[in-house]
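The values are calculated or read from the model by the stated rules, or taken from the named source; none is laboratory data. As the structure is a computational prediction, the values presented were derived from the model and not from experiment. Backbone-built Cβ (ideal geometry, glycine too); neighbour counts: all protein chains shown. Remember, those area values only see protein heavy atoms, side chains included, never the ligands or the DNA or RNA. Shrake-Rupley method; radii C 1.70, N 1.55, O 1.52, S 1.80 Å.
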Amino acid sequence: MNSIRVFLVVVTLAVFTLFTFVATLKGYQSSMEEAERLFDKQLLETARLIAHLNTGEMTGNLDHDNDFTFQIWQEGALKASSFNAPPTPIGPPQSGFGFSNFNGYRWRTVAWFDENNARWIIAAERVDLRYTLAEKVIRKSIVPVLIGLPIVGLLIWAIITQGLKPLHQLADELGSKQPHDLSPLSIHTPRQELEQIVDSTNGLLERLETSLLREKQFASDAAHELRTPISVLKVQLHNLARELPENDEGIAELNLTAQRLEHLVEQILDLYRNSPDQFHATFEPIELAAFTQEILAREHDGFHARNQVLEFQGSRRVILGDRFALTTMIRNLLSNANKYTPAGGQVLVSIDQAGPGAALTIEDSGPGIPENQRKSVFERFYRVGGDRHESGQPGCGLGLAIVKHIIELHNGSITVAASRFATGAAFRVNFPPVPSGQVAGIHDI
C-alpha cells in the first residue's frame, strides 16, 4: 500500500467499521435482552387479565391466536384453556417463567397463582415469533448504520484528501522546479507537520546552491588561471622549437601535451558554463537545418584538412533552445566525428522528424563504439579505450558529457547506435516539439 491517503482511509474506515460492528453487536444483544424483558412483562400482564375470567360461564375451550395459549387449573383440574392448549399442563404450577415444547414449537411460559380464586394461570407465547418481532425492530435500527458506512467512507476520503492537500502542493512545487532552480520553496503558512520539512528542504537547497557556486567558482578560477601559464608554455615551446632540429620528437610530444591541456581547460569552462544546475539561458525558436549548416560551414576546414567527406541532409525543422549552448553541442559532436573518423572517411549530418519533435543525427565511418560502452561515453572523463585511444587523438573525455548536459537542458535525449556506414557510430539527438504559439520569430541562422 504505497499511497498514504489510501492507507489512512482504509485504516480509519476499518477501525470505524470494527467499532460500529462491536457497538452494533452489543446493542443487538442488549436490545434482545430488553425485548425479552418487555415480552415477559406483557405475558405476565396477560396472565393476570386471564385470571379475571369467570370459569363458571366457560362452556368450552376459548379461541385465541395461534401464537398464544393459556390454561386455568384449579385443584388439579383444567377449568379453561385456549383452543390450541394441550390437555396436560404446559408448565409446572410454580410462579415464574420457563420454557416448554408442545404443538411442534418452543414456548415461553409463565405461571401465576390467583390467590383470590385459588387457581393457577399458565400462559405461553411462541418463542420464534417473539424473536422475529424483536429482530424486525432491531434490524430497522441497524440498517441505517450499514447504509451509512459507504457514506462515511466517502467523507473520510474527502477529509483525508483535504488534509493531505498541503503535502501535494509541496510535491507539486518540488516536481515543477527546473534543474537549475535552487530557490527556496514558496509555500506560505505551511501546516505544522510540514513546516519542519519545508524548512529542512529550503536549508538543503541553500547549502546545495552554495556548494555548486563554490564548485563552479573554483573550476572557473582554476581554468582561467591555467590559461596564462599554458599560453606562456606554448610561446616557450615555439621558441624552443626554433633552436632544435626540425621534426624533433621531444618538442612534438610537448606541443601535443600542451594542446591537450589547453583543450581540457576549455572543456571545463564549457562544462560549467552550460551545466543544467547553473544554466540560465533564455530559449528561443531556432530553425535547426539552417542553424546546423552555419556551424558546418565554420567547421568545414577541419574536415577538409583530413580529406574527409562532410555531407548534410535535412529539411526545415523548428526547435526551442539556446543558441550558444546548441552551438557548443553540435561543435563537440562534429569534433568527435572529425577526430575518430580516419582520413578520407565520411561524416553525415542529417535532420529529420522524430514524432512531434525534431532529430539531429551525426554519423561517421570511424571505428565505432562497442555496444556495452555506449552509455558510458557520456560520463565525465570517460574515453573508449582509456587515455590511449587507438586513433592517437588527444582528448579529455568531457566533450560528450557536455553534449549530454546541454541536451538535458533542452529536455531532449541522445542515443548512440551503429552508423549506416560499414563501421562507425551514429549520435542521434531528439528534441521535444515547440509549444504552440512560440514558432513566430524564428531565427534561421
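Restricted to segment 313-333, and to residues there that are hydrophobic (A, V, I, L, M, F, W, C) and within 19 Å of G357 (Cα to Cα), the residue that is farthest from the chain's Cα centre (by Cα) is I330. Determine, yes or no, whether K26 is at pLDDT below 85, assigned to a helix (DSSP H, G or I), open to solvent by 30 Å² or more (accessible area, probe 1.4 Å) and within 30 Å of R139 (Cβ to Cβ). Considered against the rule, which asks whether it is at pLDDT below 85, assigned to a helix (DSSP H, G or I), open to solvent by 30 Å² or more (accessible area, probe 1.4 Å) and within 30 Å of R139 (Cβ to Cβ), K26 comes out as yes. The number of residues in segment 91-111 being in contact (Cβ under 8 Å) with a residue 40 or more places away in the chain and either farther than 17 Å from L43 by Cα or open to solvent by 70 Å² or more (accessible area, probe 1.4 Å) (or both) comes to 1. Go through the residues of segment 264-277 one by one and say whether even a single one is within 15 Å of V429 (Cα to Cα), at pLDDT below 90 and touching an Asp or Glu at 6+ places or on another chain (Cβ under 7 Å). For segment 264-277, residues within 15 Å of V429 (Cα to Cα), at pLDDT below 90 and touching an Asp or Glu at 6+ places or on another chain (Cβ under 7 Å): absent.
Set side by side, the residues A359, A401, A425 differ, and just one is open to solvent by less than 30 Å² (accessible area, probe 1.4 Å), at pLDDT 90 or above and either within 14 Å of L320 (Cα to Cα) or in contact with a Lys or Arg (Cβ under 7 Å, 6 or more places away or on another chain) (or both), which is A359. If you go through segment 37-51 and keep only what is touching a residue at least 24 places away in the same chain (Cβ under 8 Å) and either touching a Pro at 6+ places or on another chain (Cβ under 9 Å) or not hydroxyl-bearing (S, T, Y) (or both), you end up with F39, D40, L43, L44, A47, R48, I50, A51. Within segment 404-433, the residues that satisfy the criterion of being assigned to a strand (DSSP E or B), among the aliphatic types (A, V, I, L, M) and within 16 Å of L334 (Cβ to Cβ) are I414, V416, A425, A426, V429.
Going through segment 219-248 one residue at a time, which ones are of a type in the set (D, E) and either open to solvent by 80 Å² or more (accessible area, probe 1.4 Å) or over 26 Å from L398 (Cβ atoms) (or both)?
E225, E243, E246, D248
Would you be able to say whether some residue in segment 103-123 is modelled with pLDDT under 85 and small (G, A, S)? No, segment 103-123 contains no residue that is modelled with pLDDT under 85 and small (G, A, S).
Criterion applied to L174, L154 was being part of a helix (DSSP H, G or I) and more than 25 Å from A14 (Cβ to Cβ), and the one residue passing it is L174.
Residue count for segment 165-181 satisfying the condition of being open to solvent by less than 90 Å² (accessible area, probe 1.4 Å), modelled with pLDDT of 75 or more and either within 24 Å of T210 (Cα to Cα) or basic (K, R) (or both): 6.
With respect to the conditions (1) surrounded by fewer than 22 Cβ atoms within 10 Å (Cβ to Cβ); (2) under 40 Å from the mean Cα position of the chain (by Cα); (3) in contact (Cβ under 8 Å) with a residue 40 or more places away in the chain, L288 lacks only one, and its number is (1). Taking the stated definitions as given, is I122 open to solvent by less than 80 Å² (accessible area, probe 1.4 Å), assigned to a loop (DSSP other than H, G, I, E, B), β-branched (V, I, T) and farther than 30 Å from L18 by Cα? So I122 does not fit the description; no.
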